[in-house]
Amino acid sequence: QVQLVESGGGLMQPGGSLRLSCAAAGIIFRFVTMGWYRQAPGKQRELVAYITSGGGTTYEDSVKGRFTISRDNAKNAVYLQMNSLKFEDTAVYFCNRFPPIGNAWGQGTQVTVSS
C-alpha cells in the first residue's frame with residue numbers, strides 16, 4: 001500500500017520561501033517519477049512539477065524559476081523548494097507519482113501566502 005506524507009507548509013508573506021517535504025512508502029521509489037500537485041480553493045488539483053528517476057525536472061509555467069523539485073532516493077523523499085511566493089500559490093500541496101496513483105493521495109500540506 002502506497003503511503004505519502006507531506007509536510008512543511010505554513011503561512012508566508014508574498015516573496016517568502018518554504019520547503020515542502022514528502023515521505024513515500026510502499027513503492028520502489030528510486031524507479032518512480034514523482035510529482036508535486038496543488039489544489040487551490042474552488043479549483044481542480046493541478047500538477048506543479050515532477051522529477052524523473054534520473055533527476056530530470058519539469059515545471060508548470062507559473063512556477064518556473066521560483067520552485068525547485070528535488071529528491072533523495074536514499075530517504076524515499078521528494079522536496080519542493082518554493083521561493084518568491086505569490087498570493088496565487090495558496091493551495092494544499094500534495095505529492096504523488098507522476099502520473100498519480102489515484103488511491104494514494106495523502107492529506108497534503110497547506111500553503112497560505114498572505115500579507
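The values are calculated or read from the model by the stated rules, or taken from the named source; none is laboratory data. Because the structure is a prediction, the values reported are computed rather than measured. Methodologically, a virtual Cβ is constructed for each residue, glycine included, from the backbone with ideal geometry; neighbour enumeration extends over all protein chains shown. Note: areas computed on protein heavy atoms with side chains; ligands, DNA, RNA excluded. Shrake-Rupley method; radii C 1.70, N 1.55, O 1.52, S 1.80 Å.
Quick rundown of the values:
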quantity: Residue that is nearest to residue 69 (Cα to Cα) [pool: residues in the stretch 43-52 that are part of a strand (DSSP E or B) and open to solvent by 40 Å² or more (accessible area, probe 1.4 Å)]; calculated: 50
quantity: For residue 75: the one exception among (1) open to solvent by 50 Å² or more (accessible area, probe 1.4 Å); (2) more than 18 Å from residue 23 (Cα to Cα); (3) among the basic types (Lys, Arg); calculated: (2)
quantity: Meets criteria (modelled with pLDDT of 95 or more and in contact with a Pro (Cβ under 8 Å, 6 or more places away or on another chain)) for residue 47; calculated: no
quantity: Counted residues, the stretch 78-115 - those being under 15 Å from the mean Cα position of the chain (by Cα), among the hydroxyl-bearing types (Ser, Thr, Tyr) and farther than 11 Å from residue 20 by Cβ; calculated: 2
quantity: Residue 80 being assigned to a loop (DSSP other than H, G, I, E, B) and of a type in the set (A, V, I, L, M, F, W, C); calculated: no
quantity: Of all residues making up the stretch 74-106, the number that are in contact with a Lys or Arg (Cβ under 6 Å, 6 or more places away or on another chain), without any contact (Cβ under 8 Å) to a residue 60 or more places away in the chain and over 13 Å from residue 25 (Cβ atoms); calculated: 1
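One line per residue, one yes/no per condition, for (1) assigned to a strand (DSSP E or B); (2) under 13 Å from residue 101 (Cβ atoms):
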position	(1), (2)
6	yes, no
23	yes, no
35	yes, yes
38	yes, no
41	no, no
